[in-house]
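Asks: Okay, here's the structure, questions in a sec.
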Amino acid sequence: MKKPICFLVVLCVCTLFVATTFVANAVSFEGDASYVFGLGSSKSRGFTAHGMVEVMNDVFVDGSFLSTSTKPAPDAEDEKSLSNSLFSVGGLYRTLNDPDLAGYVGAGFVSLTTKEGEADAIVGQGFYGKFGFRFRPMPQMSIVAEVSYAPRYKEKEADRSGSLVTARATVAYELMEGLGLQGTIKRYKASLTPVASDTVVGGGITFRF
């Protein structure tokens, strides 16, 4: 348990350092980092992080990262370890900006890397479209939901294509200005790679400035 906690702390510190160093001239920056685990039959464990920089009014650079791994049980000789890394980066435009409700649309690039046992890693990638919203039922609380879809998701160095859908929902509560706690659930489903889908849930911190 110590290793995941240490990794999460390092991730948060690095994210804050990068943000303060490279986006000093941006309108705003917000991000989050969470420890997550798989739901249902999934035994995955890992981390997820998300960041959004407002580079000008209503225009954002958006990125996210999810890394999970599954270790076989000691008595399961036929099971193999499995690791997945999901990375996306793109742009967003805020189409609605009311005090309690904001809406976004955008597009970007996504990549999913899967490695099973000692086999070579399989990399799939493609361009996606995204839409989402942020709702504030009270000043300290925010609810975020977003969905992205890559219709021509391709396996790298192979003549195969499919699709990739990712979705995320978080509920965050601000404890003090710029810092809060959150619970999150994230799901992805790909038509390629050995493991086509996973749903993870967890919690962590949020920060903004």
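The values are calculated or read from the model by the stated rules, or taken from the named source; none is laboratory data. Just so it is clear, the model here is predicted, and its values are computed rather than measured. No Cβ is skipped: glycine too gets one built from the backbone with ideal geometry, and neighbour counts run over all protein chains shown. These area figures cover heavy atoms from the full protein model, side chains too; ligands, DNA and RNA do not enter into them. Shrake-Rupley method; radii C 1.70, N 1.55, O 1.52, S 1.80 Å.
Asks: Can you name every residue in region 156-170 that is open to solvent by less than 40 Å² (accessible area, probe 1.4 Å) and of a type outside the set (Gly, Ala, Ser)?
Replies: Result: Leu164, Thr166, Arg168, Thr170.
Asks: Turning to a different aspect of this structure: Looking at this structure, is Leu181 open to solvent by 50 Å² or more (accessible area, probe 1.4 Å), among the aliphatic types (A, V, I, L, M) and over 19 Å from the mean Cα position of the chain (by Cα)?
Replies: no
Asks: Quick test for you: out of Glu146, Glu118, pick the one residue that is acidic (Asp, Glu) and at pLDDT below 95.
Replies: Glu118
Asks: State yes or no: is Asp100 modelled with pLDDT under 95, open to solvent by 60 Å² or more (accessible area, probe 1.4 Å), farther than 29 Å from Arg152 by Cβ and in contact with a strand residue (DSSP E or B) (Cβ under 7 Å, 6 or more places away or on another chain)?
Replies: Yes.
Asks: Picking from Arg134, Arg208, Arg94, which residue would you name as being over 20 Å from Phe37 (Cα atoms) and at pLDDT below 90?
Replies: The unique qualifying residue is Arg208.
Asks: Please return the ranges of strands (runs of 3 or more DSSP E) entirely within region 51-150 where 2 or more residues are touching a Pro at 6+ places or on another chain (Cβ under 9 Å).
Replies: 101-116, 122-138
Asks: In addition: When Gly63 is evaluated against the numbered criteria (1) farther than 20 Å from Gly204 by Cα; (2) touching a His at 6+ places or on another chain (Cβ under 8 Å), which criterion, by number, is the only one it fails?
Replies: (1)
Asks: Within region 62-82, identify whether any single residue is within 29 Å of Phe29 (Cβ to Cβ), open to solvent by 40 Å² or more (accessible area, probe 1.4 Å) and at pLDDT below 90, and answer yes or no.
Replies: No; the residues of region 62-82 include none that is within 29 Å of Phe29 (Cβ to Cβ), open to solvent by 40 Å² or more (accessible area, probe 1.4 Å) and at pLDDT below 90.
Asks: Residues of region 126-149 being of a type in the set (S, T, N, Q) and either open to solvent by 60 Å² or more (accessible area, probe 1.4 Å) or in contact with a His (Cβ under 6 Å, 6 or more places away or on another chain) (or both), which ones?
Replies: Gln140
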